[in-house]
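The values are calculated or read from the model by the stated rules, or taken from the named source; none is laboratory data. Just so we're clear, the structure is a prediction, and the values are computed from it rather than from any experiment. As a convention, Cβ positions derive from the backbone with ideal geometry for all residues, glycine included, and neighbour counts pool all protein chains shown. Keep in mind that these areas ignore ligands, DNA and RNA; they rest on the heavy atoms of the full protein, side chains included. Shrake-Rupley method; radii C 1.70, N 1.55, O 1.52, S 1.80 Å.
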Amino acid sequence: MRIEQQNEGSVAIVYDADRMLQVDSHCFEPWYWEAQSALVGQASGRGTTWFVQRGEEQWALRHYRRGGLIGKFNTDHYLWTGLERTRAWREWHLTKALYQRGLPVPAPVAARVCRHGLVYSADLITLRIAGATPLSQHLQTAALAGGEWERLGALLRRFHEVGLDHADLNAHNILLDESGNFWLIDFDRGRLRTPGPWQQRNLQRLQRSLKKLQGLSIGLCWSEVDWAGLLEGYAAGESGRTGR
């Protein structure tokens, strides 16, 4: 990775110059890629994630949007407290740190922060993991193969050992690719920290996510036996395949 930073007035951009040779604010606008016939899909969640074809790679472009009650009145503005404290800047650099340590996360491509007086808006571009499906979607139609829950638990242990406190560890933010490798995504509000009770809170959040899916979906291919397997793999801390 060759990390470059570009500041123009109220706009700051950080990017991997090995992947993005030239960058400007237009690169964070879906219409820019649509004009080049490079938009190849989208996914909906709190907001829309746009998928961009760049050579043999696909990128995922996401605009930061607020959720909850405040999101009904303020869709995408956040209080400005300094560039390095903005959500996009922190997520991009956290993802970079994890990626450079060889963990299975999408490569960070670029981030943009636009200041508007006392507030800012932001965007993030990461590499799209080819052929990957969210664990939540996979379990709708198929169970994980034998030993896969243990391997997932071991992988989560690896993330915890480097200090990752994932702010929203759930079944939607764990991906499974076509080769059977697990990936973690969405590190918004995540951080690196010393070991502590947050590790168990991460696991409990994932368990609640799976139980919620089970309540919403008849026939979800998950059970408490599977969860016990994940905890067994986590406790053993055995190395699993990284997906990279």
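Have a look at Leu156, Pro134, His166 and report the one farthest towards the positive end of the charge dipole of region 112-244, computed about the Cα centre with Cβ charges (Lys/Arg +1, Asp/Glu -1).
So the residue furthest toward the plus end is His166.
So if I place +1 on the C-beta of Lys and Arg and -1 on the C-beta of Asp and Glu, and nothing else carries charge, what would the dipole magnitude of region 54-150 be about its Cα centre? I want it in debye, nearest 20. Mind dumping the intermediate values first?
Details: 13 positive and 8 negative charges, 104 e Å.
In total the dipole reaches around 500 debye.
Send over a whole-number figure in Å² for the accessible area per residue of the chain, probe 1.4 Å. Mind dumping the intermediate values first?
Values: 12420 Å² over 244 residues.
Counting only protein heavy atoms, the per-residue value for the chain is 51 Å².
Please identify every one of the trypsin sites (Lys or Arg not before Pro) in region 95-169 that sits in a loop by DSSP and has no more than 15 other beta carbons within 10 Å of its own beta carbon.
Values: sites: Lys96, Arg101, Arg112, Arg115, Arg128, Arg151, Arg157, Arg158; in loops: Arg101, Arg128.
Taking region 95-169 and a limit of 15 other Cβ atoms within 10 Å, the loop trypsin sites (Lys or Arg not before Pro) found are Arg101.
Helix 148-161 versus the longest principal axis of the chain: what is the Cα-based angle in degrees, 0 to 90, to the nearest 10?
50 degrees
In terms of the Cα gyration tensor, with a ≥ b ≥ c the square roots of its eigenvalues, is region 123-244 rounded because a/c is under 1.5, prolate because a/b exceeds b/c, or oblate? If you can, show how the numbers build up before the last one.
Working: a/c = 1.33, a/b = 1.16, b/c = 1.14.
Rounded, because the longest to shortest axis ratio a/c is under 1.5.
Stokes-Einstein at 37 °C, 0.692 mPa s, Kirkwood radius from Cα pairs: D for the chain in µm² s⁻¹?
The estimated diffusion coefficient comes to 173 µm²/s.
Scanning the chain for GluC sites (Glu not before Pro) in DSSP loops with at most 15 other Cβ atoms within 10 Å, what's the longest stretch left with none?
After excluding every exposed loop site, the longest remaining stretch is 57-177.
Ignoring any ligand, DNA or RNA, what whole percent of the accessible area of the chain comes from carbon and sulfur when the probe is 1.4 angstrom? Don't skip to the answer; put the middle values down first.
Values: 5990 of 12420 Å².
Here carbon and sulfur together make up 48 percent of the probe-accessible area.
Given a cut-off of under 8 Å on Cα pairs at least six residues apart, what relative contact order in percent is computed for the chain?
Working: 425 pairs, mean separation 45.5, N = 244.
Reported relative contact order: 19 percent.
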